[in-house]
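As structure tokens, the structure follows; a few thoughts come after it.
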Amino acid sequence: MQHVELEIYRVWDRSVRWFHWINVLSVLALLGTGLVIYNAKTLGIAGDAKILMKELHVWSGYVFALNLGWRIMQAFRGSHFTRWRAMSPFSRNYLSELGAYLRSLRSAEPRQYLGHNPLGRLMVLLLFVLLITQAITGLVLAGTDIYYPPLGSWIAQWVAPAGVDPSSLIAGDKSMVDALAWDEMRAFRKPFISLHEPIFFVLLGAIVLHVAGVVIAELKERSGLVSAMITGDKTLTKPPVDLPEQSND
């Protein structure tokens, strides 16, 4: 029986691992509360109960957005494999590497990577686009729905009639708002909700695809892909394709 020598590489630093799991939990919370809000009529949820679900959704969104913002900053100043150049599919030789990786998947010895493999880079790009879009549109909707920051104060001032303190407006209660201003605000809101809702379901599908891709890569590459997001280390059976020139961390 042939002996296979294993090599352990430090790949993901602590900040990236924290980001990943906070992102998982906050996205699950957003998906759960979002589905309840989306199906509120079917579930018989209205009034204060629906407002409560929106508040939970928004607070989960704040955690999600702050965590995502931190990860975007790390993509400019973090460790090697957390930076844009190591995880985006826009490098000069990306297409040739993608072809080589796909061909290797059909063999018994697929190419191994410390960072994301070429298919993983495509998924990273897709997820970042979807997550950033959801964060931006969600923050706008937090103001138009329940007067929460960052735009809630401005929205309340917009729809409050003369003589009414904007801070006294109650989410879900249209009896204290100016009807014309309310219609204008809802027209402003429309493109954001028209983007936020369908991308919610696209993101749900992308997450399923992402999990499936991780499972397949784990089985094919045998590189400890899942455990690496817990320990930070990958254990490879051969030299990785993307080993940095001057360091293996």
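Listed highest first by mean packing, meaning other Cβ atoms within 10 Å per residue, what order do 85-91, 10-16, 112-118 come in? Walk me through the numbers before you get to the answer.
Values: 85-91: 14.4, 10-16: 17.4, 112-118: 22.9.
Going from most to least packed, we get 112-118, 10-16, 85-91.
For the residues TYR62, TYR94, TYR9, what sequence is obtained by ranking on other C-beta atoms within 10 Å, fewest first?
On the way: TYR62 17, TYR94 14, TYR9 21.
In order of increasing Cβ crowding within 10 Å: TYR94, TYR62, TYR9.
Go ahead and collect, in residue order, the members of the stretch 7-26 whose backbone nitrogen is under 20 Å from a label point 7 Å along the Cα-Cβ direction of THR231.
Within reach of a label on THR231: 7-21.
Mind giving me the FRET efficiency for ARG92 and VAL63? R0 is 51 Å, r the Cβ-Cβ distance, nearest 0.05 is fine.
Efficiency for this residue pair is about 0.85.
Can you compute the FRET efficiency between PHE76 and ASN39 using 1/(1 + (r/R0)^6), with r the Cβ-Cβ distance and R0 = 35 Å? Round to the nearest 0.05. Before the final figure, lay out the partial values.
Details: r = 39 Å, r/R0 = 1.12.
FRET efficiency, PHE76 to ASN39: 0.35.
Relative to the longest principal Cα axis of the chain, at what angle does helix 94-105 sit, 0 to 90 degrees, rounded to 10?
Roughly 70 degrees between the two axes.
With θ set to phi - 60° and the Karplus curve 6.51 cos²θ - 1.76 cosθ + 1.60, what are the ³J(HN,Hα) couplings of the stretch 155-171 in order, to the nearest whole Hz, using x for Gly and Pro?
With the stated coefficients, the stretch 155-171 comes to 5, 4, 5, 5, 8, 6, x, 4, x, 10, 5, x, 6, 8, 5, 10, 4 Hz.
Rounded to the nearest 10 degrees, what's the angle between the helix 47-77 long axis and the longest principal axis of the chain, both from Cα atoms, 0 to 90?
Around 40 degrees separate the two axes.
In whole Hz, with x marking every Gly and Pro, tabulate ³J(HN,Hα) for the stretch 122-139 from phi via Karplus 6.51 cos²θ - 1.76 cosθ + 1.60, θ = phi - 60°.
Taking θ as phi minus 60°, the curve returns 4, 5, 4, 4, 4, 5, 4, 4, 5, 5, 5, 4, 5, 5, 5, 5, x, 5 Hz for the stretch 122-139.
Sort THR237, THR33 so that the residue with the fewest other Cβ atoms within 10 Å of its own Cβ comes first and the one with the most comes last.
Least crowded to most crowded, the residues run THR237, THR33.
A short reminder: the numbers here are calculations on the coordinates, not readings from a lab. The model shown is predicted, which means the values in this text are computed figures rather than measured ones. Here Cβ is always computed from backbone atoms with ideal geometry, including for glycine, and neighbour counts include all displayed protein chains.
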